[in-house]
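Any read-out appearing in this document is the output of simple, stated calculations on the displayed coordinates, not a laboratory observation. In this text, all values refer to a predicted model and were calculated from it rather than measured experimentally. Because the Cβ atoms are built from the backbone with ideal geometry, glycine has one as well, and the counts that use them run over all protein chains shown.
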Amino acid sequence: MKIEKVGVAGCGLMGSGIAEVAARAGMSVVVRELDSDAVDAGRGRIEKSLARALKKEKISAEERDATLGRIDFVTEVEGLADRDLVIEAVVEDLAVKNELFGTLDELCPEDTIFATNTSSLTVTDMAAAVNRPDRVVGLHFFNPVPVMKLVEVVKTIATSEQTLERAFEFARAVGKEPITAKDNSGFVVNLLLVPYMLDCIRQLERGVASIVDMDRGMVLGCGYPMGPFTLCDFVGNDTTLRIAEIMFDEYREERYAPPPLLKRMVAMGLHGRKSGRGFYDYSGDEPVPMDLV
């Protein structure tokens, strides 16, 4: 059955991007946020993203208007009740996600698929909270969603083949390239990427090289689009810390353990670009490396 009606729970950076790409693909989208302020912020993100696409001539003014016309915003979870697919993009907290899915399980038709955009929690722990574990799947998009082409489709031991096929069809319909991932914490990309980011922080602690030189080294020496510290600030150091904690709890391996410097930075509010300071200070015209060690 083709997915035509999409629900998105949460309209932060990831949720707004998911809602945008689904609407641009011609789907009917309902976005649920907790209150009117969050709705306004989410709508603003989508409008700003579409304005950038229009300026770059990736879409026309008519396509922008049509995309916005396909998105409805609600503050009540009941607004998601008639969706073919509901994707949660709420806070990375299992209890919050399970409470949402438990409510949706009672509201939505039996054939509705529940998907999670979690980047580190296991999908199985969410599937266990509903009466339709065969219709629960991971759909992990990457930030910024309208630009990044990858979607990790995460299959649990209970996910049906039909659900997996529909998830793949949806990912392709919104212009993404899906890959299959086992339901382990971190899936494919974060399983490989997070240890790299954490190890770069450890090398900074040890005085191997400066923030700028390590960033330049990985960009110029390995062809990475951005260095590890620029990436940490882009993702959010608080987000990186939370993912590392979840993965370390899962695997109990040293490479997933968050370094002391990362913990101290998050405690001091140095979250990266979103807070204005992280490994770099973003208050001026150009980022300036922070004196952290």
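Brief remarks follow.
- When you filter the trypsin sites (Lys or Arg not before Pro) in segment 122-222 for DSSP loop state and at most 14 other Cβ atoms inside 10 Å of their Cβ, you are left with Lys149, Arg206.
- Segment 5-182 shape via C-alpha gyration tensor axes, a/c threshold 1.5: prolate
- Rg/Rh for segment 161-204, where both radii come from Cα atoms and Rh is the Kirkwood radius: 1.20
- Selected from Ile179, Ile113, Ile46 as most flexible by GNM, with the chain as the system and alpha-carbon contacts under 10 Å: Ile179
- DSSP bridge orientation in the chain - percent antiparallel, rounded to nearest 5: 25
- Rounded to the nearest 0.05, the FRET efficiency derived from the C-beta distance between Asp213 and Met268 at R0 = 22 Å is 0.40.
- Estimated distance in nm for a label pair at Asp291 and Asp199, the labels positioned 7 Å out from Cα along Cα-to-Cβ: 3.1
- Loop GluC sites (Glu not before Pro), segment 85-146 (other Cβ atoms within 10 Å of the site Cβ: 13 or fewer; DSSP): Glu110
- Applying both filters, DSSP loop and at most 14 other Cβ atoms within 10 Å, to the trypsin sites (Lys or Arg not before Pro) of segment 240-293 gives Arg252.
- Legend: residue pairs Lys5/Lys149; Lys5/Lys58; Lys2/Lys155; Lys56/Lys97; Lys2/Lys55, Cα-Cα distance threshold 28 Å; pairs beyond threshold, Lys56/Lys97; Lys2/Lys55.
- Proximal aspartates and glutamates relative to Lys263, as straight alpha-carbon distance under 17 Å, when same-chain residues fewer than 8 apart are discounted: Asp199, Glu205, Asp233, Asp238, Glu245, Asp249, Glu254, Asp291
- Considering only alpha-carbon pairs that sit under 8 angstrom and 6 or more positions apart, the relative contact order computed for the chain is 13 percent.
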